[in-house]
Amino acid sequence: MEPLVYNNDIVSKHSLYAYCASALNTVSERDYPGKNYFDTQIACLDMDTYEASISHGNAGSTTDAVIGVSTCENKKMSQHRLMLVELRMNYQSADTLNKGDLESKVTHTRNLLDGELTIEHDNIFVFTERVAPQAIHKIDSWKHEGGLATSFKAWSVQDFHNNIKSIDDMPYTPIYAPAQLCNELNGFVKVAQWKDLFEKLTFWLRTAEKIRYSNTFEYESLQKTLMGWWQQFSAKPITWSDEDVKLEAMIMDEDIRRVLG
């Protein structure tokens, strides 16, 4: 599967968040103290805590946690949904995995979520690196029987890190290629077309201003590219064609610092 990003905003929108808000690593620490298996920034619904609070001593089985995830393409999140996560890092082998027990946990958890928000099709069960291959093999054998088990995914802790990332760790490909932009500006400098250079810089500054809040990653790319280029350009000795052009260069310097600084 393509890596997803965790989305704390979506999980915080569920009504249960008011009753059992937690972090995935905090839930993990309850059974695996000191291990710090997960990113401490991943928010979740602590389903065991919620079930205990409403069960009056007759708690049903739930998955350990529900997190928020989103598809992410070029730093843009979409298809926001919840994901059920069950932690099984204490298992020494997959022999004791019980299909009926896992199906019961998933079914009850989904019922508690009550269809309030979209739920990811895959239900995730996390094991240690040693046990995960066994669990994958066993769960795959259940899938031939059909039913809810077809949605089960066995992951190692490392698989979880590989598949559920922070948006900060996802790559971004700029819409406006920095190298191409710099080459264009250098072309004007090479033939001393100062008016065209300043017009093009003004165009890019206006573009940066327009996207400053609507596409922060693209703005940051333009900011880094234009500021870097201008600093290198202005550090070199330049013979301006006349005083008017020199004045335009000074104004351009002020505009660049105002918009990009």
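The values are calculated or read from the model by the stated rules, or taken from the named source; none is laboratory data. The structure displayed is predicted, hence computed values, not measured ones. Cβ atoms come from the backbone with ideal geometry, glycine included; neighbour counts cover every protein chain shown.
Observations on the model:
- Those helices (runs of 4 or more DSSP H) of the range 161-261 in which at least 3 residues are under 22 Å from the mean Cα position of the chain (by Cα), considering only elements entirely within it, cover 216-234.
- Hits in the range 171-193 (condition: within 27 Å of Pro3 (Cβ to Cβ) and either touching a Lys or Arg at 6+ places or on another chain (Cβ under 8 Å) or not hydrophobic (A, V, I, L, M, F, W, C) (or both)): Pro171, Tyr172, Thr173, Pro174, Tyr176, Pro178
- Taken together, the residues in the range 72-108 that are on the phi > 0 side of the Ramachandran plot and touching a Ser or Thr at 6+ places or on another chain (Cβ under 7 Å) amount to 2.
- Scanning the range 180-214 for residues that are farther than 18 Å from Asn74 by Cβ, free of Cβ contacts under 8 Å to residues at least 40 places away in the same chain and hydrophobic (A, V, I, L, M, F, W, C) yields a total of 5.
- Considering the range 1-18, the residues that are more than 16 Å from Leu117 (Cα to Cα) and modelled with pLDDT of 95 or more include one that is surrounded by the most Cβ atoms within 10 Å (Cβ to Cβ), namely Leu4.
- Subset tally (residues that are part of a strand (DSSP E or B) and acidic (Asp, Glu)) for the range 1-51: 1
- Annotation note: of Met83, Met77, the sole residue that is over 26 Å from Asp140 (Cα atoms), of a type outside the set (D, E, K, R) and part of a strand (DSSP E or B) is Met77.
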